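Trainee: My questions all concern the structure below.
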Amino acid sequence: MLKVEKRYIKNIGTLTCEGQNRLFQTTVAVVGAGGIGGFVIEGLARLGVKKIIAVDMDVFDEMNLNRQALSNVNNLGNHKVIEAEKRVKEINPGVRFLPIRQKACLENLPDFLGEADYIFDATDNIEIRKELSEFVQNTGKVLIHGGCAGWYVQVAVITKYTSSIEKLFGGTSAQGAEKQLGNPVFAPMLTAALELSEFCKLVSGKGKPLAGKCLVVNLLTNEYRVFEF
């Protein structure tokens with residue numbers, strides 16, 4: 001039986017020792033370090049992955065304070081990925097962290113994400129999401145997509161064997177629904193939790209991941225619906 005540090009004991013009953021050991025060997029990329037991405041990054045640090053690559057060119061401003069876990073009144077104006085690195089070091093110094101202060105696009109994804117086993121979509125830009133989908137389907141990596149606005153959340157898993165994320169968004173413009181519906185804190189929190197649970201299922205081999213499927217949550221009516229795309 002694998003001996004693990006005390007900090008991981010509460011993971012074992014769910015993930016097993018073998019699953020936790022796979023987490024220790026897994027490199028993960030998070031594209032977007034804002035609302036969803038901040039919660040995802042913190043969760044990955046607590047889970048105990050090998051390395052986190054965070055890609056985001058933005059800085060924190062006051063409009064982030066309502067929902068972004070890594071923002072506070074003392075770091076406004078600071079780069080999100082640099083603050084993410086500080087937070088990860090506070091939580092789990094054993095996790096390596098690579099901050100990339102640039103905008104992700106199809107041309108630079110191989111340089112930024114080449115070593116990642118799994119990629120978290122935590123952006124609010126549909127065009128970047130489509131590029132991430134194309135990248136993982138060309139490389140055989142796995143994309144864990146999450147999006148939210150208002151009372152609504154959606155999560156999906158894209159692989160080389162599934163349809164592309166374009167099936168979900170079609171010809172939708174690059175402006176996300178958040179612009180119209182707003183984004184209270186519970187929406188990115190839940191989205192990140194669902195993305196992290198999909199990640200843990202994929203790494204541990206447990207359960208039924210949402211590969212080629214999308215989970216849509218309507219928190220107003222407490223409806224959870226899964227459909228293939």
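The values are calculated or read from the model by the stated rules, or taken from the named source; none is laboratory data. Just so you know, these numbers come straight off a predicted model, no measurement behind them. Cβ placement follows ideal geometry from the backbone for every residue including glycine, while neighbour counts extend to all protein chains displayed. Areas reflect the complete protein model, heavy atoms only, side chains present, ligands, DNA and RNA absent. Shrake-Rupley method; radii C 1.70, N 1.55, O 1.52, S 1.80 Å.
Trainee: So which residues in the range 1-25 are under 20 Å from Pro93 (Cβ atoms) and surrounded by 20 or more Cβ atoms within 10 Å (Cβ to Cβ), if there are any at all? Outline the logic, then answer.
Mentor: Kept after step one, since they are under 20 Å from Pro93 (Cβ atoms), are these residues of the range 1-25: 3-11, 20-21, 23-25.
Correct list: Gln20, Leu23.
Trainee: Going by what's in this entry, would Gly140 be described as buried (at least 17 other Cβ atoms within 10 Å of the Cβ) and closer than 21 Å to Ala29 by Cβ?
Mentor: Considered against the rule, which asks whether it is buried (at least 17 other Cβ atoms within 10 Å of the Cβ) and closer than 21 Å to Ala29 by Cβ, Gly140 comes out as no.
Trainee: To continue, here is another question. Restricting attention to the range 38-83, report how many residues are under 27 Å from Lys10 (Cβ atoms) and open to solvent by 40 Å² or more (accessible area, probe 1.4 Å).
Mentor: Summing the residues that are under 27 Å from Lys10 (Cβ atoms) and open to solvent by 40 Å² or more (accessible area, probe 1.4 Å) in the range 38-83 gives 5.
Trainee: Could you identify the single residue in Leu215, Leu220 that is surrounded by 15 or more Cβ atoms within 10 Å (Cβ to Cβ), in contact (Cβ under 8 Å) with a residue 12 or more places away in the chain and of a type in the set (A, V, I, L, M, F, W, C)?
Mentor: Going through Leu215, Leu220 in turn, the sole match is Leu215.
Trainee: Restricted to the range 84-115, and to residues that are open to solvent by 50 Å² or more (accessible area, probe 1.4 Å) and not charged (D, E, K, R), which residue is nearest to the chain's Cα centre (by Cα)?
Mentor: Leu98
Trainee: Which one of these is part of a helix (DSSP H, G or I) and either more than 21 Å from Phe186 (Cβ to Cβ) or touching a helix residue (DSSP H, G or I) at 6+ places or on another chain (Cβ under 9 Å) (or both): Phe97, Phe39? Outline the logic, then answer.
Mentor: On the way: Phe97 fails: part of a helix (DSSP H, G or I).
Among Phe97, Phe39, only Phe39 is part of a helix (DSSP H, G or I) and either more than 21 Å from Phe186 (Cβ to Cβ) or touching a helix residue (DSSP H, G or I) at 6+ places or on another chain (Cβ under 9 Å) (or both).
Trainee: Please find, among Leu23, Leu44, the residue that is assigned to a helix (DSSP H, G or I), over 21 Å from Arg129 (Cβ atoms) and not hydroxyl-bearing (Ser, Thr, Tyr).
Mentor: Details: Leu44 fails: over 21 Å from Arg129 (Cβ atoms).
Unique residue meeting the criteria: Leu23.
Trainee: Over 15 Å from the mean Cα position of the chain (by Cα), without any contact (Cβ under 8 Å) to a residue 40 or more places away in the chain and exposed (fewer than 15 other Cβ atoms within 10 Å of the Cβ): does that describe Phe135?
Mentor: no
Rundown of residues vs (1) in contact (Cβ under 8 Å) with a residue 40 or more places away in the chain; (2) farther than 27 Å from Thr221 by Cα; (3) open to solvent by 50 Å² or more (accessible area, probe 1.4 Å), yes/no style:
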{"position": "Asp117", "(1), (2), (3)": "yes, yes, yes"}
{"position": "Asp121", "(1), (2), (3)": "yes, no, no"}
{"position": "Val155", "(1), (2), (3)": "yes, no, no"}
{"position": "Lys160", "(1), (2), (3)": "no, yes, yes"}
{"position": "Ala192", "(1), (2), (3)": "yes, no, no"}
